[in-house]
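The values are calculated or read from the model by the stated rules, or taken from the named source; none is laboratory data. The shown structure was predicted, so the numbers you read here are calculated from the model rather than taken from an experiment. Because the Cβ atoms are built from the backbone with ideal geometry, glycine has one as well, and the counts that use them run over all protein chains shown. When the accessible area is computed, the model is the full protein with side chains, heavy atoms only, and any ligands, DNA or RNA have been set aside. Shrake-Rupley method; radii C 1.70, N 1.55, O 1.52, S 1.80 Å.
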Amino acid sequence: MLYLLSIEDAAFSQLKAYYDGEITADFLLEEKDDFLQMIHDSGCMEYARIVQSVCIQKAEEIYENLQAISPWKERFKQITYENFLDAD
């Protein structure tokens, strides 16, 4: 969303208007399908998935080199990034 808000494009003007307090959440909900399509078409979700994948790979590298004993090493993984694994 931050990406979309930073772009100077008329296609995202209503989204910016919402965050600027110029339109209401009710209006946003009335136009929900259009907003969801705009977000989909922007490519920001694909970009976010790629960034998330890179971060998970880095977390796995750190985890593998983590010098901790069981069960604390596994617990660390559970509370930090395990929920993001196989999220597809």
>> Test of understanding: what is the full-extension gain from A68 to M1, defined as 0.36 nm times their sequence separation minus their Cα-Cα distance?
In response: 20.4 nm
> Which whole-number value in Å² is the accessible area per residue of the chain, probe 1.4 Å?
Replying inline: 81
> Which value, in debye to the nearest 20, describes the size of the charge dipole of the chain about its Cα centre when Lys and Arg Cβ atoms bear +1, Asp and Glu Cβ atoms bear -1, and nothing else is charged?
Replying inline: 620
>> Using +1 at the C-beta of Lys and Arg and -1 at the C-beta of Asp and Glu, which of I39, F27, T80 has the Cα lying farthest in the positive direction of the dipole of the chain?
In response: T80
>> Defining a contact as two alpha carbons under 8 Å apart and six or more residues distant in sequence, what relative contact order in percent does the chain show?
In response: 20
>> As a test of the formula, what do you get for the chain when each DSSP H run with n ≥ 4 contributes -39,500 (n - 2.57) and the sum is divided by the residue count, at 222 nm and rounded to the nearest 500 deg cm²/dmol?
In response: -20000 deg cm²/dmol
> Any idea what % of Cα-Cα pairs in the chain are farther than 22 Å?
Replying inline: 49
> Per residue and in Å³, how big is the convex hull formed by the alpha-carbon atoms of region 21-72?
Replying inline: 150
